[in-house]
Structure formats: C-alpha cells, structure tokens
1. Somewhere in segment 613-633, is a residue assigned to a strand (DSSP E or B), under 29 Å from PRO100 (Cα atoms) and under 36 Å from the mean Cα position of the chain (by Cα)?
2. Considering only strands (runs of 3 or more DSSP E) fully contained in segment 307-356, which possess at least 3 residues that are in contact with a Leu (Cβ under 9 Å, 6 or more places away or on another chain) and not β-branched (Val, Ile, Thr)?
3. Counting just the residues of segment 599-624 that are free of Cβ contacts under 8 Å to residues at least 40 places away in the same chain and farther than 16 Å from SER116 by Cβ, which one comes out nearest to ligand 1 (Cβ to nearest atom)?
4. Over 25 Å from THR457 (Cα atoms), in a strand (DSSP E or B) and among the aliphatic types (A, V, I, L, M) - does that describe any residue in segment 127-141?
5. Of the residues that sit in segment 467-512 and are of a type in the set (Val, Ile, Thr), farther than 23 Å from ASP439 by Cα and in contact (Cβ under 8 Å) with a residue 24 or more places away in the chain, which one is nearest to ligand 2 (Cβ to nearest atom)?
6. Where the second residue is of a type in the set (Asp, Glu) and the first is closer than 7 Å to CYS160 by Cα and lies in segment 181-193, which pairs have Cβ atoms under 7 Å and are six or more apart or on separate chains?
7. Out of GLU279, GLU238, GLU253, which single residue is in contact (Cβ under 8 Å) with a residue 60 or more places away in the chain and acidic (Asp, Glu)?
8. Take ASP461 and tell me if it is part of a loop (DSSP other than H, G, I, E, B), in contact (Cβ under 8 Å) with a residue 24 or more places away in the chain and away from ligand 1 (no atom under 16 Å from the Cβ).
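The values are calculated or read from the model by the stated rules, or taken from the named source; none is laboratory data. Just so we're clear, the structure is a prediction, and the values are computed from it rather than from any experiment. Ideal geometry is used to build each Cβ from the backbone, glycine not excepted, and the neighbour counts take in all protein chains shown.
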Amino acid sequence: MSEKRPHNPTDTSRRRFLNTAAVAGIAGAGLSVGLAACKQDSPAASAQSAPVTPASDAHAGDYSVPPGQLDTYYMFSSAGHAGDVRVFGLPSGREFKRIPVFNMDCMVGWGITNESKAIIGTNPDGSVKYNTGDTHHIHPSYTDGTYDGRYLFVNDKINCRLGRVRLDTMECDKITQIPNIQGFHGTFPDKRDPLDPAINRTTRVFCGSEFSTPLPNFGKGIDDTAHYRSLFTCIDAESMDVRWQVLIDGNCELVATSYDGKLAATTQYNTEMGTTYPEMMAAEMDSCLFFNVARIEQAVKDGKFKTYGDSKVPVVDGTKSANTDPKTALTCYVPIPKNPHGVNISPDGKYYACAGKLSPSGSLIAHELVLKWFDGELDEPRKAVVAEPELGLGPLHTAFDNRGNAYTTLFLDSQIVKWNIEGAIKSYQGDKTATVVLDRLDVHYQPGHGFTSMGETRECDGKFLISDNKFSKDRFLPVGPLHPETSQLIDISGDKMVIVHDNPVTSEPHDSIIIRRDIIKTRQIYNVDDFPNAVKDHKDSGVFRNGNKVTVKLISQAPAFSLPEFRVKKGDEVTIIVTNLDKIEDLTHGFAIQRYNINFILNPQETKSVTFKADKPGVFWCYCTHFCHAMHMEMRSRMIVEA
Ligand code: CUK
Ligand code: CUA
Ligand code: CA
C-alpha cells in the first residue's frame with residue numbers, strides 16, 4: 001500500500017528532478033536560457049564553490065525541547081495570502097498562535113465583533129471593508145538597535161494596509177490604509193530618529209509599493225503607462241497616520257532601514273517602469289534606492305509637496321530629474337544588477353546586502369558611502385557598491401550572523417550560501433586570495449526568505465537560521481494537491497551549517513523574525529477598565545430597549561452566562577455586549593448564536609460586542625464555544641426572537 005519515497009534527503013536523483021522542475025517552472029517566463037547561461041558563467045557554481053554540506057549531517061547539538069520545557073526563541077511569521085500572523089517557538093518549531101490581522105477568524109471573532117470591525121474598517125452598511133490580506137513582511141519595533149517587545153508591523157499587499165500587533169496581547173490594535181499606491185510589499189520600521197538622535201527607538205514605519213498606477217487613479221490616464229507611478233510611504237508608528245510619501249522613478253520592493261535613522265532603502269526591480277515582464281527585465285541594471293529621511297521631512301515642513309486626489313498626505317518629489325544635486329537630494333539611486341529582490345542591513349549597520357532573481361550575484365552597498373554621496377563627496381552612486389560576490393542561482397534574501405558572515409537564500413539552486421563579508425569586499429577590490437563562499441547547504445526546496453536569530457538587530461547572536469522554503473514536495477506525508485511549505489531550522493553556530501529539523505507550515509509565510517524569549521512580556525489577563533462598554537457587575541446585566549434598538553448586556557463567568565434567556569423582537573437591531581468576568585489566567589469563554597453567524601471568544605476580563613438584525617423569529621441557543629469548565633456544555637443562554 002505505502003508508496004515508496006526516498007528517505008535520504010541528499011539523494012541526488014531526487015534533487016535533480018526538483019531542480020529541473022524549478023527551471024521548467026520558470027521556463028514559461030522565458031528565463032531559462034538566461035539562467036542556464038548564468039549557471040555556466042557563475043564561478044560560484046563551479047571553481048569558487050565550497051563543497052555542499054550533506055544535509056544528513058544533523059545532530060551537531062542538542063536541540064530538543066522536552067515535554068514541559070519552553071522554547072528559547074519566539075518566531076513571528078507572516079502568512080502570505082492567509083492574511084494573518086503566526087507565532088512559533090524555536091528550536092521546537094511548534095506553532096502557538098495565529099493572530100488574525102487582515103483575514104477573518106471565526107474562532108476569535110475577528111471581522112465579526114464590533115471592536116475588530118472598527119480596527120479593520122467598515123463600509124457604510126457596517127460590513128467589513130476587506131476580508132482579504134497578503135502579509136509578507138513582519139518587523140517589530142526597536143529601541144537601542146534591538147527589539148523592544150512593543151509592536152509588530154505587518155503589511156497587506158492586496159489592499160495596501162499596514163497592520164500593527166501589540167506584543168503584550170499578541171493582537172492587532174491598528175490598521176492603516178495607505179493612499180495613492182498598489183502592491184504594498186516591503187515594510188520596515190526605523191530604528192532611530194534622524195532629527196532627534198535622543199529618540200533611539202522606532203517612530204516611523206516605511207512602506208514600499210511595488211505596482212505603479214496613474215496618479216491620481218480614478219479612471220484618467222489608464223493607457224498612458226509611461227506615466228504610471230509608485231510612491232514610497234512613511235507611517236507614524238504610534239498614531240499609525242500616514243506622514244508623507246515620495247514620488248519616485250521605478251518601483252519599490254523590499255525595504256530596509258539604517259541603525260542611525262538617516263536612511264531608508266528599497267530595492268527596485270522595475271526601474272524600466274514596464275508593465276509587462278519582458279519590459280521589467282529589459283535593463284541590465286536596476287537599483288537600490290535610498291531615502292534621506294531628514295531632508296524629506298524638511299521638504300514636507302517647507303511645504304514643498306503636492307497631494308493627489310482625495311488624499312491629504314503630502315507627496316514630495318524623489319524622482320531622478322528633481323534630485324540631481326546630491327547636496328539637496330532626497331533620494332539616491334544606486335545601480336545594481338538586474339531585478340533585485342531582497343535588501344537587508346548587516347547587524348553592524350555598515351552594509352546593505354541586495355540580491356536579485358536574474359543575476360547570480362549579490363550586491364553589498366556601504367552605508368557610509370551613500371551618506372558621502374548625499375554630502376557631495378562621492379561622484380557616482382554606483383561607487384557605494386563595495387562588493388558583488390557570485391553566490392549562485394536565484395539569490396533572494398540575505399541574513400547575517402555576528403561573525404561577519406552573510407547567508408543568502410538561492411531559490412533556484414535550493415541552497416543557503418554562507419559567505420564572508422570582508423572576503424567579498426577584498427575580492428571585489430581584486431584580491432584573488434580572498435575567500436568569499438564558506439559553505440553551501442541544500443535545503444528542501446526553493447527557499448524564499450532566510451533569517452537568523454536576532455539577526456536584524458545589534459544583538460544578532462549567530463545561532464540559528466530558518467530557511468522558509470516555498471516547496472516541500474516529498475518531505476511530508478502527502479495531503480492532497482496543496483502541500484505545506486517547509487520551515488527548516490539550521491544551526492549556523494559552527495563552520496558548517498547543519499539542518500536541525502523540518503517543520504511543515506501552512507501557506508504561506510514569507511518573512512519572519514526570531515526573537516529571544518526574554519524580550520517578549522505578555523499580559524496574562526486583560527484590564528476590565530480598558531473596555532468602555534464593559535459589563536462589570538451582574539446588576540448591570542439585562543435587556544435595554546431604545547425604540548427598535550436593543551442592547552443585551554451579558555456576563556460570562558464559568559459555567560454560566562448572566563442571562564439564561566433574553567427576548568428581542570423580529571426586526572430589532574440587536575447589540576450584544578459580553579464581558580468575561582473570570583479572572584483566572586487561560587479561562588476563555590466563547591459566545592455563539594445558532595443560525596445568526598455569530599461567534600467570538602472572550603479572554604479573562606475582556607469585553608466584546610456584536611450588532612446584527614434579529615431577522616428570524618424563534619428560539620436560538622447561544623452557547624459557549626471555548627472549552628472552559630466541566631460544565632462547559634451546559635454554559636448556554638437562549639435568544640428568543642418574538643415574531
Ligand atoms: S518577498 Cu516572499 S520570498 Cu514578499 Cu519578502 Cu521574498
Ligand atoms: Cu464557557 Cu465554555
Ligand atoms: Ca528590471
């Protein structure tokens with residue numbers, strides 16, 4: 001009965017099949033010829049190449065988390081077009097929680113309760129404005145160059161929104177819609193204020209828009225593709241208001257920020273400003289675009305901006321032709337090879353590593369040299385590039401350890417390549433003895449993002465790397481045509497990378513971050529006073545009518561709701577407010593109403609509400625959905641809708 005599956009992960013025939021499949025997959029995009037050429041030309045793939053570490057070499061250390069023991073790291077992952085955020089423990093890889101943000105979640109009641117709808121945004125009829133989302137990039141707030149445990153910021157590529165998750169409750173508390181853009185992709189908080197260096201924490205979040213449109217976009221200029229535009233956006237991290245935008249040439253993709261707060265960067269794969277893929281890959285060089293944050297904010301202050309359509313957000317001009325004098329320029333376009341994807345800053349704050357799909361090389365840009373260009377002391381932006389190591393096929397994202405090494409994911413080669421930053425710089429300067437590539441590790445299969453423990457902070461610890469692979473193929477029991485993805489934990493503490501284990505993850509994490517557990521300080525119960533509509537006392541519970549608007553105030557306290565029944569009339573607009581008065585940690589109740597499509601949970605001391613039309617007469621049981629008590633099944637009430 002059982003299908004024979006190869007068990008040796010280094011089985012070469014199996015890998016050859018997979019690589020062929022990958023190249024065949026993009027052959028339709030007309031790239032296979034170019035990539036085959038890359039492969040032959042690439043020294044990384046031949047002479048310069050380090051031997052590949054066999055993946056079966058596991059167990060270099062003890063990574064077990066025995067029952068009852070806690071993990072040492074949190075991993076927060078985006079969830080792609082599932083629209084949520086996920087919380088895992090490492091090294092175990094166990095999933096703890098899914099935090100609804102842009103999706104609907106019928107367990108939590110996200111998109112069902114009035115409180116969640118107010119955060120998501122509603123149409124005039126009260127329905128949620130959007131219930132789709134595409135989260136790619138997730139980054140926490142910083143203080144003193146490391147994570148401070150306050151917030152996580154996450155993008156929605158579909159509807160161009162930035163979501164914020166509070167880390168004490170691990171719940172979304174704000175969502176902001178960004179005007180004038182489409183394809184909001186790269187996201188990164190700043191780490192320091194360039195105007196007031198005493199503010200050594202996150203106060204802004206930068207957002208890149210990948211797709212260009214007419215500006216404003218309300219039906220005019222549809223066919224004038226040469227005038228489609230992209231904008232780069234800055235959002236206030238506290239108020240979540242959009243502060244300003246920058247009109248640019250080309251598009252944005254990934255985003256990075258400097259540790260000194262002076263620069264934000266975005267990769268640009270479509271400097272051609274094409275609308276079809278052959279147009280987008282026409283140029284040999286695209287760029288990494290840098291924004292001088294202090295100058296942009298001064299320009300906004302000086303009123304040097306315009307606005308588009310209904311939006312009041314100030315838009316400054318960051319196009320090339322408006323920024324020819326480096327000493328006043330708001331933007332600096334650093335040319336780098338063909339269609340770059342990722343940009344990541346090294347934990348020492350010195351270098352931005354970019355890599356692209358169509359070039360087998362990575363580009364290293366020196367932060368100090370970009371600043372020099374803005375000071376008029378570097379004659380060409382391209383001279384800010386200090387290394388361009390040959391890495392392999394399909395380099396996407398780069399992570400770092402604390403020993404001067406970088407780890408780049410190779411999508412097409414299905415590998416992680418470990419390379420030395422100083423070696424790459426020396427090699428670029430012509431030193432033929434410099435060692436660049438230190439190790440290669442096969443991963444399974446086709447990695448997107450790779451990221452290291454605390455790797456995007458000053459406290460980068462060089463212990464673990466996760467390779468989030470886009471395909472799992474035969475790594476797990478088959479579950480139908482849709483396979484999970486593979487999240488592979490890799491020990492990077494030694495000279496050789498070692499795969500610790502594979503974890504299946506449901507589609508589709510893109511980027512994640514690995515945070516030391518001591519940084520996260522969660523609340524155990526809510527404060528009942530944080531909810532203005534809380535029902536704090538049993539004597540406040542009851543049915544309150546105002547015309548055809550009825551408010552039902554309920555308390556949940558194990559194992560009962562405060563009202564065994566409540567009566568409304570057909571046609572009433574009913575608002576039900578429930579407060580969970582239980583104070584015991586982990587004692588959550590649910591509240592669901594039969595046939596009324598209502599379900600949500602209430603954590604200890606939390607209040608939530610729903611509003612709906614009582615359009616069906618009859619008896620409708622309300623019940624607790626969340627197992628809370630030995631008498632959980634008995635925890636019910638009846639909504640009686642009188643005809
Ligand atoms: S992107 Cu998906 S693998 Cu949206 Cu960060 Cu590169
Ligand atoms: Cu309350 Cu189950
Ligand atoms: Ca291009």
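1. Quick first cut of segment 613-633, residues assigned to a strand (DSSP E or B) only: 613, 618-623.
Pick out the ones that are also under 29 Å from PRO100 (Cα atoms) and you get 613, 620-623.
Still in the running and under 36 Å from the mean Cα position of the chain (by Cα): 623.
The answer is yes; a qualifying residue exists.
2. 331-337, 340-345, 351-356
3. TYR623
4. Yes, some residue in segment 127-141 is over 25 Å from THR457 (Cα atoms), in a strand (DSSP E or B) and among the aliphatic types (A, V, I, L, M).
5. Residues of segment 467-512 of a type in the set (Val, Ile, Thr): 479, 486, 490, 492, 498-500, 505-506.
Subset that is farther than 23 Å from ASP439 by Cα: 479, 505-506.
Adding the requirement that they be in contact (Cβ under 8 Å) with a residue 24 or more places away in the chain leaves 505-506.
Values: VAL505: 30, THR506: 27 Å.
Per the criteria, the residue is THR506.
6. GLY183/GLU210; PHE184/ASP156
7. GLU253
8. Values: part of a loop (DSSP other than H, G, I, E, B): yes; in contact (Cβ under 8 Å) with a residue 24 or more places away in the chain: yes; away from ligand 1 (no atom under 16 Å from the Cβ): yes.
Criteria met by ASP461.
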